[in-house]
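Below is one structure, written out as structure tokens; the observations come after it.
The values are calculated or read from the model by the stated rules, or taken from the named source; none is laboratory data. Computed from a prediction, not measured in an experiment: that's the story for all the values here. FYI the Cβ positions are ideal-geometry reconstructions off the backbone, even for glycines, and counts take in every protein chain you see.
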Amino acid sequence: MPPKHDLPEMKEPPAKRTRSGASTVVPKTIIIPAANPRQQTHAPVSPDVIMPASPTADTLKGNAELSSPAMTVSSSAEDASDESTHTLGSIENADNAHSSATNVDAGLDLAEKPNISCAVRQLPYKIPLKEAPSTTGAMTVGAIVPTEIGCFIDDDRISGCSEALQNRIRAISSYRNEHANTYAIGHLPWTATWGRADPYNDRSKELCDAINYERLTIWIPGHISHVWFLKNGAPDNQCSVSVLPLSDAVGRYADQLICGLSTPALTVSDDLTTVLVRAVRWQSPRNGGSCTLFNSVYDARQILQAKSAMRKFAATDLKKRDLVVLETCLIRYRQKDLGGRWSIFRAQFELQAVYLLQDGPEIDEERVENETEITDLAL
């Protein structure tokens, strides 16, 4: 008779827990097996740790849907037959699971439970895109000079002109040509701003229209106050023409443009006296060499028309009190700050051409000086 073998000891199945609304239920821990057992570490509690809020099936399902498509969610307190596999359904389900996970007791410390191992999975989130630069703070003519000019011509500035010339001056002072990007000062588009940087056609230092970013041409009528072309009888590196505008309002408008388009902005003078408008231009070439006298001076005493149809004359023939139109563009140039950095921009009118409308009165400067002499002075 074969010897009797001891029967294996039978283990009693764990007592099943009943669920009722009145009883207190102990939360179960969901263990998510990692690919490498060494990676199953105890992560610190954070808002991104996925833990169940209650042992209900809905919570288990919500947490399981946060795992990868092949991840298995199991409970160490349940039989192996209770294991179930869930596939990540949608971002919406993950958001619902995250709402449930936020109900976990804030005082739970994984470090106090060394027998629990879990993998931490962060909720899916959207990567914020890099914000585009704001254009609301862009420098525009309308932002710098928000009000229109009330008076473009003071009567005393053109009192010595014929009626026909006065009509021409009014037409010039109100000139606007959007196709040619040419405007009399005070009529610039409110959206005009600095142009775009381009490796082949850089407009970033020129005032341009806001649609095609083409440079604006600005007409400034007025009486010559000062000219500078020569130094010691030869063309200087830079020339300039200053004019007295046909109204004080135009002078203040030009001053506001220059101050507001500079960086940092300059302070507009509170002095309400007459403001002169100055336009400058380099006479020296960029690549070095001798200076060349500015030669874009045109005779417009009869009619102002295309440059090719008007006669030129020497810039040195211009004199004080001549009635002219300065054709300019508005540019900016760099300056060094106190720290030696090129962080300062200064705006200015760049001279393009001068149109002579009327010769100024002939005044003998030597006679004016002699009038101050006291001939019979004997003290």
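Tell me the residue from GLY195, GLY186 that is modelled with pLDDT of 90 or more, in contact with a Cys (Cβ under 6 Å, 6 or more places away or on another chain), among the small types (Gly, Ala, Ser) and buried (at least 18 other Cβ atoms within 10 Å of the Cβ), please.
Only one candidate passes the filter, namely GLY195.
Quick one: count up the residues across segment 182-231 that are over 19 Å from LEU261 (Cα atoms) and touching a Leu at 6+ places or on another chain (Cβ under 7 Å).
Qualifying residue count for the region: 7.
Every residue in segment 324-363 that is assigned to a loop (DSSP other than H, G, I, E, B) and in contact with a Leu (Cβ under 6 Å, 6 or more places away or on another chain), please.
none
For segment 318-345, give me each residue that is among the charged types (D, E, K, R) and either modelled with pLDDT of 95 or more or in contact with a Pro (Cβ under 9 Å, 6 or more places away or on another chain) (or both).
If the condition is that a residue be among the charged types (D, E, K, R) and either modelled with pLDDT of 95 or more or in contact with a Pro (Cβ under 9 Å, 6 or more places away or on another chain) (or both), then LYS319, LYS320, ARG321, ASP322, GLU327, ARG332 are the ones that fit.
Do we have GLN305 as at pLDDT 90 or above, under 23 Å from ALA192 (Cβ atoms) and surrounded by fewer than 19 Cβ atoms within 10 Å (Cβ to Cβ) here?
no
Would you say ASP271 is out of contact with any His (no Cβ under 9 Å at 6 or more places or on another chain), without any contact (Cβ under 8 Å) to a residue 40 or more places away in the chain and assigned to a helix (DSSP H, G or I)?
Spelling it out, it is not the case that ASP271 is out of contact with any His (no Cβ under 9 Å at 6 or more places or on another chain), without any contact (Cβ under 8 Å) to a residue 40 or more places away in the chain and assigned to a helix (DSSP H, G or I).
Hey, among LEU272, LEU266, LEU246, LEU230, which residue is modelled with pLDDT of 95 or more, surrounded by fewer than 20 Cβ atoms within 10 Å (Cβ to Cβ) and of a type in the set (A, V, I, L, M)?
Every option except LEU230 fails the conditions.
Can you pull out every residue in segment 143-170 that is over 20 Å from VAL277 (Cβ atoms) and within 38 Å of the chain's Cα centre (by Cα)?
Hits for segment 143-170 are ALA143, PRO146.
Which residues, taken from segment 325-352, are buried (at least 20 other Cβ atoms within 10 Å of the Cβ) and free of Cβ contacts under 8 Å to residues at least 60 places away in the same chain?
Those that are buried (at least 20 other Cβ atoms within 10 Å of the Cβ) and free of Cβ contacts under 8 Å to residues at least 60 places away in the same chain: none in segment 325-352.
Please go through segment 197-225 and give me each residue that is farther than 19 Å from THR182 by Cβ, of a type outside the set (S, T, N, Q) and outside any strand (DSSP E or B), ordered by number.
If the condition is that a residue be farther than 19 Å from THR182 by Cβ, of a type outside the set (S, T, N, Q) and outside any strand (DSSP E or B), then ALA197, ASP198, PRO199, TYR200, ASP202, LYS205 are the ones that fit.
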